[in-house]
Amino acid sequence: MESQPTPSAENQPSPPATTPNSNDRTLAVLAHLGGLLFGFVPALVIWLVKKDESPYLDRQGKEALNFQIFIAICVVASMILMILVIGVLLLLATGVVNLIFCIIAAVRVSNGGDYRYPLTLRLIK
């Protein structure tokens, strides 16, 4: 009689996600919206301080940090291209994209959901 192989840990379903508490949601909103004024610094600080305490803030802090690093790269590229007229247009587009996606992310995480930015380099895993 053959025995069935035991399923490995990677094949096991992930545990059900718990709803983040109010403090976690508030910090996640600050991580996403902080990028509008202070770049990647708020997301970096929140992620470094809270990543071991809350899996939700670990995910959202990394996501906000990756997006703000991507935005910083786009700003630097736009400034280099200001020699040509296209740099001004790219800088304006970068600002608009940053504003729109940060607001969408803040609304989503304020309701306790997860948000993943599109068009982002995932530098921090």
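See the values below:
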| read-out | value |
| --- | --- |
| Residue satisfying all of: in the range 37-94; within 13 Å of the chain's Cα centre (by Cα) and polar (S, T, N, Q); surrounded by the fewest Cβ atoms within 10 Å (Cβ to Cβ) among these | Asn66 |
| Pairs where the first residue, in the range 107-119, is touching a residue at least 12 places away in the same chain (Cβ under 8 Å) and the second is of a type in the set (Val, Ile, Thr) and assigned to a loop (DSSP other than H, G, I, E, B), C-beta under 7 Å, 6+ apart | Gly112/Thr19 |
| Where Gly34 falls short, out of the listed (1) small (Gly, Ala, Ser); (2) modelled with pLDDT of 90 or more; (3) in contact with an Asp or Glu (Cβ under 9 Å, 6 or more places away or on another chain) | (3) |
| Condition broken by Met1, with the remaining ones in (1) loosely packed, with under 13 Cβ neighbours inside 10 Å; (2) modelled with pLDDT under 90; (3) closer than 22 Å to Arg108 by Cβ satisfied | (3) |
| Residue in the range 78-88 that is closer than 20 Å to Asp114 by Cβ, touching a Gly at 6+ places or on another chain (Cβ under 8 Å) and at pLDDT below 95 present | no |
| Where a residue in the range 90-102 is touching a residue at least 12 places away in the same chain (Cβ under 8 Å) and its partner, wherever it lies, is exposed (fewer than 15 other Cβ atoms within 10 Å of the Cβ) and not hydroxyl-bearing (Ser, Thr, Tyr), with Cβ under 8 Å and at least six apart | Leu90/Ala77; Leu91/Met79; Leu91/Met82; Val97/Leu119; Phe101/Pro118 |
| Residue in the range 113-124 that is in a helix (DSSP H, G or I) and touching a helix residue (DSSP H, G or I) at 6+ places or on another chain (Cβ under 7 Å) present | no |
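The values are calculated or read from the model by the stated rules, or taken from the named source; none is laboratory data. Note that the structure is a prediction, hence the values are computed from the model and not measured. When we count neighbours, we look across all protein chains shown, and the Cβ atoms used for this are built from the backbone with ideal geometry, even at glycine.
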